[in-house]
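Every number in this text was worked out from the coordinates using simple rules, so none of it is lab data. Worth saying up front: this structure is predicted, and the values here are computed from it rather than measured. Glycine gets a Cβ as well: all are built from the backbone with ideal geometry, and neighbour counts include every protein chain shown.
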Amino acid sequence: MNRQIISREDQLASFATTLDESGRSRRQGEAYLRLQLSDSLSAILPMQQTQEVLVVPSLRLTPMPNMPPPVIGLLNHRNRVVWVVDLPHLLDLPSLPMDMPQQTIAIVRVDQQPLALAVSQIRGVIRLMPDAIQSPVGTVPAALVPYLSGCCLLDSEMLLVLDPRAIIGADILAMRG
């Protein structure tokens, strides 16, 4: 018996579960890492391009002079140096407080190029069916649209679907080597 159960059918985004022949559930949909950008705004990153999540002491971040405002500095992690960007600031949202003892970071990788994205909080992993993601045009502020591959509604909350390739390729970050 192959049965699909969709919870909250009135919502755009839903978790889908399929029961296999033995009655065990199997999750469907694409996996996304859920990030908190501000008190009222969440976003998701495709897990395919998310390398890892870290909570690091702020003292491990090395500030670099003459960098664009969203660039926090460098992180030496696993013998690799990675640029750290204040993701909310890059998206033209209020910056993260830099006086925090720890920073929450998601490292994304596109074409072997890593970038560490500092966020307020990591809220776990969710799965979405591809048809749950809609165009962000006209739904979110125009300044956010270049960094998004879409948006979706989940439990009455608008989630921004981030495009890691667009974030890494942002003009303001072109100074990275």
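The distance from the alpha carbon centre of the stretch 111-177 to that of the stretch 36-78 is 14 Å, rounded to a whole number. Here the Karplus relation 6.51 cos²θ - 1.76 cosθ + 1.60, evaluated at θ = phi - 60°, turns the backbone of the stretch 147-162 into coupling constants of 9, 10, 9, x, 8, 8, 9, 9, 6, 6, 10, 7, 10, 7, 9, 6 Hz, with x for every Gly and Pro. Relative contact order of the stretch 3-173, taken over Cα pairs closer than 8 Å and 6 or more residues apart, is 27 percent. Placing a label point 7 Å from the Cα of ALA142 along the Cα-to-Cβ direction, the residues of the stretch 58-102 with a backbone N closer than 19 Å are 91-93.
Between GLN102, PRO88, PRO164, the Cα set farthest toward the positive side of the dipole of the stretch 3-173 (charges on each charged residue's Cβ, about the Cα centre) is that of GLN102. Across the stretch 121-132, rounded Karplus estimates of 3J(HN,Hα) from the backbone phi angles (6.51 cos²θ - 1.76 cosθ + 1.60, θ = phi - 60°) give 6, 9, 10, x, 10, 10, 10, 10, 6, x, 6, 7 Hz, Gly and Pro being marked x.
Note on GLU157 and ARG78: their simple-model spin labels are 2.8 nm apart, each label 7 Å out from Cα toward Cβ. Counting every alpha-carbon pair across the stretch 3-173, the share separated by more than 30 Å comes to 21%. Label-to-label distance for ASP111 and ASP131 is 3.3 nm, based on points extended 7 Å past Cα in the beta-carbon direction. Computed from point charges on the beta carbon alone (+1 for Lys and Arg, -1 for Asp and Glu), the dipole magnitude for the stretch 3-173 about its Cα centre is near 580 Debye.
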